[in-house]
Amino acid sequence: MRRADRAIGATRYAKGQGETVTASQGEIAGRAGAARLEDGVVLRPLAVRPRSHGSGRYQPGQLGTLGDGVVIEEGVLIFNPAHVHLADGVYVGHRAMLIGDTRGELHVGPEAWIGPDCYLHSAGGIRIGSRAGIGPRVMMLTSTHAETPPPGPIIDAPLRFAPIDVGGGSDIGIGAILLPGARIGAGAQIGAGAVVTGHVPPGAVAYGVPARIRRRRGERGR
């Protein structure tokens, strides 16, 4: 039988003693005899339980900045709203998820457009310029786990952070992914489904996996 412990917006399940979670190799070294291997991954007896991150429900007054004329559609979730800043005239589409963070703020400039189902995680900081367009289902990720050798699980490796900057007047195509450190110059165009890891100059057109600069806006495509 499982016992359910209620948390805000979540349910935690427990099955008694012996439930296990992953641990880093450093933690294992300090717990003689406490660790075991399962499927090639180091496990230890459950010590720190996972916690809920909350529901994402918010009140407008909780946002760090809420400009005039902002539209936030139904189903939008905003986590750590005090670290989310929406300037005048920003549009946020249905079911978008905006995640502010104490380590990095999320700033959206005037009249920027964020499409439905976007996922923006600002642990490393995200800045979106004025009149930028963020297409539906775009993801912006500002943290990643450092690469460590097995058998330590990847999720226990140290986090590395890098900001994302999207210049004013640029456009990020549907389903594109911006990884930590991506910098999109003003007026640049990012194609649908692209994966951006570095710098795209102002006015450039980039697409592909990984994204490569193909030409400048207004030039004939190759």
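Coordinate-derived values only; no laboratory data. Remember, it's a predicted structure, so these values are computed and weren't measured experimentally. We place every Cβ from the backbone using ideal geometry, glycine too, and count neighbours over all the protein chains shown.
Which residues in region 155-175 place their backbone N less than 19 Å from a point set 7 Å from the Cα of R214 along the Cα-to-Cβ direction?
170-175
Can you pull out the GluC sites (Glu not before Pro) in region 46-114 whose DSSP state is coil and whose Cβ has at most 11 other Cβ atoms within 10 Å? Write out the running numbers ahead of the final one.
Working: sites: E73, E74, E105, E111; in loops: E73, E74, E105, E111.
Of the GluC sites (Glu not before Pro), the ones in loops of region 46-114 whose Cβ has at most 11 other Cβ atoms within 10 Å are E74.
Between region 51-81 and region 147-195, how far is it from one alpha carbon centroid to the other, in angstrom?
Region 51-81 and region 147-195 have Cα centres separated by 23 Å.
Determine the sum of side-chain charges near T65: Lys and Arg each +1, Asp and Glu each -1, restricted to other residues whose C-beta is under 14 angstrom from that of T65.
Details: positive: R127; negative: D68, D88, E105.
Neighbour charge sum, excluding T65 itself: -2.
Starting at the first residue of region 92-105, write each ³J(HN,Hα) from the Karplus equation 6.51 cos²θ - 1.76 cosθ + 1.60 with θ = phi - 60°, in whole Hz, x for Gly and Pro.
Result, ordered by residue: 10, x, 3, 6, 5, 10, 10, 10, x, 7, 5, 8, x, 7 Hz.
V166: net charge of surrounding residues, Cβ under 13 Å, Lys/Arg +1, Asp/Glu -1, itself excluded?
Values: positive: R127, R131, R183; negative: D165, D171.
Result for the neighbourhood of V166: +1.
What are the principal axis extents of the Cα atoms in region 60-216, in Å, biggest first?
Largest first, region 60-216 extends 50, 39, 21 Å along its Cα principal axes.
Going 7 Å from the Cα of V71 in the Cα-to-Cβ direction, what parts of region 143-185 have a backbone nitrogen less than 11 Å from that spot?
Hits in region 143-185 for V71 at 11 Å: none.
With a cap of 11 neighbouring Cβ atoms within 10 Å, and only residues DSSP puts in a loop, list the trypsin sites (Lys or Arg not before Pro) found in region 47-110. The partial results should precede the final answer.
Numbers: sites: R51, R57, R95, R103; in loops: R51, R57, R95, R103.
In loop regions of region 47-110 (DSSP not H, G, I, E or B), the sparsely surrounded trypsin sites (Lys or Arg not before Pro) are R51.
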